[in-house]
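**Q** Have a look at this one before I ask anything.
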Amino acid sequence: MKKSSVVILFLISVVFISCEIHATGEVYKQETLRNEEVSEVRSESLDFIFNNTTLGTTTISIKRSEWNKLCDNYRYFYKNENYVHAENYKYEKDGKVWSIPNVGFRLRGNTSRYCPQGKDNGREQGQMNAEWNKNYYDYAEKPNSDYRQAHFKVDFEEFLEEGEDLKMSGCMKGVALKRMDGSCTREIFCYDLFHRYGIWTAPRASHTRLILKIIEDKKGNIVTTVNYGVYEMFEEVNKQSLKARANGENAAENAWKNDKGNLWKCTTDLTDPGDYGMGVEKVAIEFNEDGNRTKIIDERYPMDLKTNKDKLEDAKKEMKDFISELNELSDTDIEQIKAFYEKWFDVDFFIKTLAVSVLCGMDDDYWGNANNYYLYFDTGKKGSGKLYYIPYDYDNSLGGSIHEGGFNNNPLEWGLGKNRPLIDKLLKVPEYREKYINLLQEVSAEDSEWNARLCTSRFNEWKIMVSPYLYSSDLDYHIGVNGFWDGTWCPSGYSLAYETNNIYDATREAFYKWIK
């Protein structure tokens, strides 16, 4: 791992040297680190950073040789999670500036991962979401030097010396940058809605402009500035987000008590506790001493441990015990089922999380595709012993979902008949089923946060904020978003941003058809 001697400066330096570079022809100059401390309370710092009433600006400075390595790594093995070295990360928001040198920078995403410049060998990467477009593969194989929107991740600690740490505003070790859907805001809206309903486990997200400054290191460090338009910046679910939600100042009453438990990222229906499904993911390219790519490592698991990786066997035992206990529940012994859920969950909170998720039309989650969720065990010496379900990845929502979301699916049978024991067993309990129905009615009520006037106003405020920055003449828009689309495609015709024929009333009416 590459080491950096510059990073040590962050301990003593708060001087900020402004050297904005707006066009090719200027020489890159490194900025002295400034890392704003908004608040000593992590949650307050995060609320400031992700406040979505104003638009922040993210600037990534990276040498052309590293940028080319990023693109070539993709073409070698598109799923790789290797970081390349970026000279600087800077985020500007409401008069505050965070500027951090020597950061890790990589691509991210699953079926939506693309090469950000040049040839995109889509046939090798097997893009599932591109199969419908026969022209995609012709495009992907066409030599092409244009820039296109892709998902990125920044890690502030990737190139630190072992044992050192550096957190943005003391609360984030990195950020995720996600190109958006046509509405420019579905996932941001959903995460915001979770928090409005008190689901504090959900990540935070906001809009940001994204500027790349590519340093032409073979041309005297001349800078090529590329405007990447507007992106979603979201808070990753990791150890830092656990700490920001731990029991303490500003934490929810039912917050987890211990931030040192086992966190799993899951793509599983929780029906099989077998060892093969649990591990620590490693998806990477190996290099030899000469810097040549020599090997692909593709170790992925339906349950990927994100914390306590050095104690994998202990974490696996805990997870296996939970899954076994879940699947051994009788379908008819209601008291046994209740005892299980009361042991493991804050039941009302869990049911409300499910209700809000279904309200958002999310069917790419556990209940739908056995996908896109985290489980956090608040266990250990000071833990509550509870298990928390953490919602995640809500771009397939609000009428942009796979199975038409809340319009044509019964919210009591959201899994479309698939085996989902975590929900199936829960709804066997008449008391819990009734709570779920009542919460669906509550969160979708006309006088709730799902009110069409409030929701369309929120979308329109964000549209006004981001619209001037969406289109960039620097980008190839075969892939990416360059305008605001307020409609839904599944089913078509409903609006996110207009009160007439809106998605909010339509969802409420669809719910009542099923649960009246």
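The values are calculated or read from the model by the stated rules, or taken from the named source; none is laboratory data. Computed from a predicted model, the values in this text were never measured in an experiment. Cβ atoms come from the backbone with ideal geometry, glycine included; neighbour counts cover every protein chain shown. These area figures cover heavy atoms from the full protein model, side chains too; ligands, DNA and RNA do not enter into them. Shrake-Rupley method; radii C 1.70, N 1.55, O 1.52, S 1.80 Å.
**Q** Looking only at the range 464-497, how many residues end up being modelled with pLDDT of 90 or more and of a type outside the set (A, V, I, L, M, F, W, C)?
**A** 8
**Q** To continue, here is another question. Evaluate the range 502-510: report whether one residue or more is modelled with pLDDT of 95 or more, open to solvent by 20 Å² or more (accessible area, probe 1.4 Å) and more than 23 Å from the chain's Cα centre (by Cα).
**A** No, the range 502-510 contains no residue that is modelled with pLDDT of 95 or more, open to solvent by 20 Å² or more (accessible area, probe 1.4 Å) and more than 23 Å from the chain's Cα centre (by Cα).
Quick grid of which residues meet (1) touching a helix residue (DSSP H, G or I) at 6+ places or on another chain (Cβ under 9 Å); (2) under 28 Å from D505 (Cβ atoms); (3) part of a loop (DSSP other than H, G, I, E, B):
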site	(1), (2), (3)
V356	yes, yes, no
G361	yes, yes, yes
Y376	yes, no, no
Y388	yes, no, no
Y394	yes, yes, yes
S397	yes, yes, yes
G400	yes, yes, yes
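**Q** Restricting to the range 409-434, what's the tally of residues that are closer than 13 Å to A355 by Cα, in a loop (DSSP other than H, G, I, E, B) and free of Cβ contacts under 8 Å to residues at least 24 places away in the same chain?
**A** So the count comes out to 1.
**Q** Which members of the range 435-490 meet the condition of being farther than 22 Å from F407 by Cβ, assigned to a helix (DSSP H, G or I) and either touching an Asp or Glu at 6+ places or on another chain (Cβ under 8 Å) or open to solvent by 10 Å² or more (accessible area, probe 1.4 Å) (or both)?
**A** K435, S457, N460, E461, W462, K463, I464, M465, S467, P468, Y469
Results for (1) under 20 Å from H151 (Cβ atoms); (2) touching a residue at least 40 places away in the same chain (Cβ under 8 Å); (3) out of contact with any His (no Cβ under 9 Å at 6 or more places or on another chain); (4) surrounded by fewer than 21 Cβ atoms within 10 Å (Cβ to Cβ), shown as yes or no for each residue.
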site	(1), (2), (3), (4)
T225	no, yes, no, yes
G248	no, no, yes, yes
N262	no, yes, yes, no
G279	no, no, yes, yes
A284	yes, yes, yes, yes
G291	no, no, yes, yes
T294	no, no, yes, yes
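**Q** Here's another thing I want to ask about it. More than 22 Å from the chain's Cα centre (by Cα), at pLDDT 75 or above and under 24 Å from E40 (Cα atoms): is that true of G170 in this structure? First the steps, then the outcome.
**A** Details: more than 22 Å from the chain's Cα centre (by Cα): no; at pLDDT 75 or above: yes; under 24 Å from E40 (Cα atoms): yes.
Against the criterion (more than 22 Å from the chain's Cα centre (by Cα), at pLDDT 75 or above and under 24 Å from E40 (Cα atoms)), G170 does not qualify.
**Q** Output yes when any residue across the range 333-354 is β-branched (V, I, T) and open to solvent by 10 Å² or more (accessible area, probe 1.4 Å), and no when none is. Even if it seems obvious, please write down each step before you answer.
**A** First, pick out the residues of the range 333-354 that are β-branched (V, I, T): 334, 337, 347, 351, 353.
Imposing the further condition that a residue be open to solvent by 10 Å² or more (accessible area, probe 1.4 Å) reduces the set to 334, 347.
Checked against the condition, which is being β-branched (V, I, T) and open to solvent by 10 Å² or more (accessible area, probe 1.4 Å), the range 333-354 yields at least one hit.
**Q** Oh, and also: I17: at pLDDT below 90 and either of a type in the set (S, T, Y) or not in a loop (DSSP other than H, G, I, E, B) (or both), yes or no? Before the answer, list the steps.
**A** Values: at pLDDT below 90: yes; either of a type in the set (S, T, Y) or not in a loop (DSSP other than H, G, I, E, B) (or both): no.
It is false that I17 is at pLDDT below 90 and either of a type in the set (S, T, Y) or not in a loop (DSSP other than H, G, I, E, B) (or both).
**Q** Please verify whether V175 is part of a loop (DSSP other than H, G, I, E, B), within 17 Å of the chain's Cα centre (by Cα) and of a type in the set (V, I, T), treating the condition exactly as stated. First the steps, then the outcome.
**A** Numbers: part of a loop (DSSP other than H, G, I, E, B): no; within 17 Å of the chain's Cα centre (by Cα): yes; of a type in the set (V, I, T): yes.
Here the answer is no, as V175 does not meet what is asked.
**Q** Among what's in the range 281-330 and is more than 17 Å from Y389 (Cα to Cα) and among the aliphatic types (A, V, I, L, M), pick the residue that is nearest to the chain's Cα centre (by Cα).
**A** V283
**Q** When residues of the range 304-315 are filtered for being without any contact (Cβ under 8 Å) to a residue 40 or more places away in the chain and open to solvent by less than 80 Å² (accessible area, probe 1.4 Å), how many remain?
**A** 1
**Q** Which ones in the range 48-58 are open to solvent by 10 Å² or more (accessible area, probe 1.4 Å) and part of a strand (DSSP E or B)?
**A** Step one: filter the range 48-58 for residues open to solvent by 10 Å² or more (accessible area, probe 1.4 Å), giving 48, 50-55, 57.
Answer for the range 48-58, where residues must be open to solvent by 10 Å² or more (accessible area, probe 1.4 Å) and part of a strand (DSSP E or B): just T57.
**Q** Okay, next question. Pairs needed: first member in the range 446-475, in contact (Cβ under 8 Å) with a residue 12 or more places away in the chain; second member anywhere, of a type in the set (G, A, S) and crowded, with 18+ Cβ neighbours inside 10 Å; C-beta distance under 6 Å; at least 6 residues apart or different chains.
**A** Going by the 6 Å Cβ cut-off, the qualifying pairs are W450/S444; T456/A497; F459/A497; N460/A497; L470/G229; S472/G229.
**Q** Only residues that are closer than 30 Å to R148 by Cβ and either among the charged types (D, E, K, R) or more than 21 Å from the chain's Cα centre (by Cα) (or both): list them for the range 227-246, please.
**A** N227, E232, E235, E236
**Q** If I go through the range 376-399 residue by residue, how many of them are open to solvent by 10 Å² or more (accessible area, probe 1.4 Å) and among the acidic types (D, E)? Step through it out loud before you land on a result.
**A** Of the residues in the range 376-399, the ones open to solvent by 10 Å² or more (accessible area, probe 1.4 Å) are 379-386, 388-389, 392-393, 395-396.
Still in the list and also among the acidic types (D, E): 393, 395.
Qualifying residue count for the region: 2.
A quick yes/no check of all residues on (1) of a type in the set (S, T, Y); (2) open to solvent by 20 Å² or more (accessible area, probe 1.4 Å); (3) free of Cβ contacts under 8 Å to residues at least 40 places away in the same chain:
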{"residue": "A255", "(1), (2), (3)": "no, no, no"}
{"residue": "D259", "(1), (2), (3)": "no, yes, yes"}
{"residue": "D272", "(1), (2), (3)": "no, yes, no"}
{"residue": "D275", "(1), (2), (3)": "no, yes, no"}
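**Q** Now for a different question. Scan the strands (runs of 3 or more DSSP E) fully inside the range 258-310 and keep the ones with 2 or more residues being modelled with pLDDT of 90 or more, under 26 Å from G383 (Cβ atoms) and aliphatic (A, V, I, L, M). Steps first, answer last, please.
**A** Working: elements: 262-266, 282-287, 293-299, 303-305.
Once the strands (runs of 3 or more DSSP E) in the range 258-310 are filtered for at least 2 residues that are modelled with pLDDT of 90 or more, under 26 Å from G383 (Cβ atoms) and aliphatic (A, V, I, L, M), what remains is 303-305.
**Q** It is to be established whether one or more residues within the range 74-91 are modelled with pLDDT of 95 or more, part of a loop (DSSP other than H, G, I, E, B), out of contact with any strand residue (DSSP E or B) (no Cβ under 6 Å at 6 or more places or on another chain) and surrounded by fewer than 22 Cβ atoms within 10 Å (Cβ to Cβ).
**A** No, the range 74-91 has no match at all.
**Q** Identify the single condition in (1) among the aliphatic types (A, V, I, L, M); (2) under 25 Å from the mean Cα position of the chain (by Cα); (3) in a strand (DSSP E or B) that I214 does not satisfy, given that it satisfies every other one.
**A** (2)
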